[in-house]
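Notes to accompany the following structure.
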Amino acid sequence: MRNDILKYSALVFLGGASYGAMAATVKMAYAAGFSWTQTVASQALFGTLLFAMALAVSLARGRKPAPFSPKRILSLLGLGLNTCATCVLYNLSLTMLPVSAAITMLFQFTWIGIVIQVIVTRRRPRPAELAAAAIILVGTFLASGMLSAEVGALDPVGILCGLGSAVSCALFMFFSSRVGCGLPPIQRGLVVCLGACVLGFALCPDYFASGALQAGVWRYGLVLGLSALFVPVILFGIATPHLSTGLSTIMASSELPCGIAISTALVGESVDALQLAGVAVILAGVAVSQAPHLRPSRTPEDQRLPS
């Protein structure tokens, strides 16, 4: 059982790490002159195309598609709308806030996930989960750079969008563990991405007519579709049904350290000692969340009282 929790926690950790490419890629797309609506639509489109290609390969190998009921299709489309809403709100916050502030707002999902868990299951969070969430929040403020940079007056609308992305992200982790469980990951992911396309193209109805694809937005859409949809949707779909919502959101906090590393490598953002300390604190928080599962289990002989 403990080995299973460690395995599924590692998958969520990798899914969160994949999200780390999102901030740098979005920033590069903005610098290239593309709007946030074009970026969101590109992410949804290329995520869908990647899943469609993977499904075509699977069918070519002779695997039969699993039947989907209309109820399951609608629920998965709703899950896609949820994950696209996270992208929309986060992208909006990036247009109004410094990256450090936007990512700090997003990372409130670590404790929001625990609140959702308590409300739904009426189970008290484990001490390790509470300790890990507190440690990760401290690390987030350090790693985000908000304490070392002059952020200035923050746009209240941007703050609301950032907090909204945190709530949406926590809800995605929660529903990902309950919607479409047991279905083939590729088929499930394709329907989820189709739901993301519904919102993406509703926000950018002139996407194809605008000439954005010919102008090169596909480069950013391909990276976003892979890192923010294809990889995490598959990994979260496999792993989150086996973990609590609180633990899932804690493990997904790997996004920030990976995001900092990618932004430093691709965008050239500087990282100071305080931010590096924050990354170390976040990783320590992840380790704390896993501590109960790393202790060796007691055998029946160990549990006997001494004579």
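Tabulated data for the structure shown
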quantity: Cα gyration tensor, the stretch 91-219 - rounded (a/c under 1.5), prolate or oblate; calculated: oblate
quantity: Net length gained if the chain between MET53 and LEU276 were fully extended (0.36 nm per residue, minus Cα distance); calculated: 76.4 nm
quantity: Cα gyration tensor, the stretch 1-294 - rounded (a/c under 1.5), prolate or oblate; calculated: oblate
quantity: Projected label distance in nm at ALA134 and LYS64, using a 7 Å step from Cα toward the beta-carbon; calculated: 5.5 nm
quantity: Charge dipole magnitude, Cβ of K and R +1, D and E -1 - the chain, Cα centre, debye nearest 20; calculated: 1300 debye
quantity: Ellipticity estimate at 222 nm from DSSP helix runs (n ≥ 4, -39,500 (n - 2.57)) divided over the chain, nearest 500; calculated: -23500 deg cm²/dmol
quantity: Gyration tensor verdict on the stretch 1-114 (Cα atoms; rounded if a/c is under 1.5, prolate if a/b is larger than b/c, oblate otherwise); calculated: oblate
quantity: Added length on full extension, which subtracts the Cα-Cα distance from 0.36 nm per residue, CYS181 to ALA215; calculated: 8.4 nm
quantity: Å² of accessible area per residue within the stretch 163-224, as computed with a 1.4 Å probe and no ligands counted; calculated: 41 Å²
quantity: Portion, in percent, of the accessible area of the stretch 71-203 that falls on carbon or sulfur, probe 1.4 Å; calculated: 73 percent
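The values are calculated or read from the model by the stated rules, or taken from the named source; none is laboratory data. Here the structure is a predicted model, which is why all the values come from computation and not from measurement. A quick note on method: Cβ atoms are made from the backbone with ideal geometry, for glycine too, and the neighbour counts reach across all protein chains shown. The area values use the complete protein model at the heavy-atom level, side chains included, leaving out ligands, DNA and RNA. Shrake-Rupley method; radii C 1.70, N 1.55, O 1.52, S 1.80 Å.
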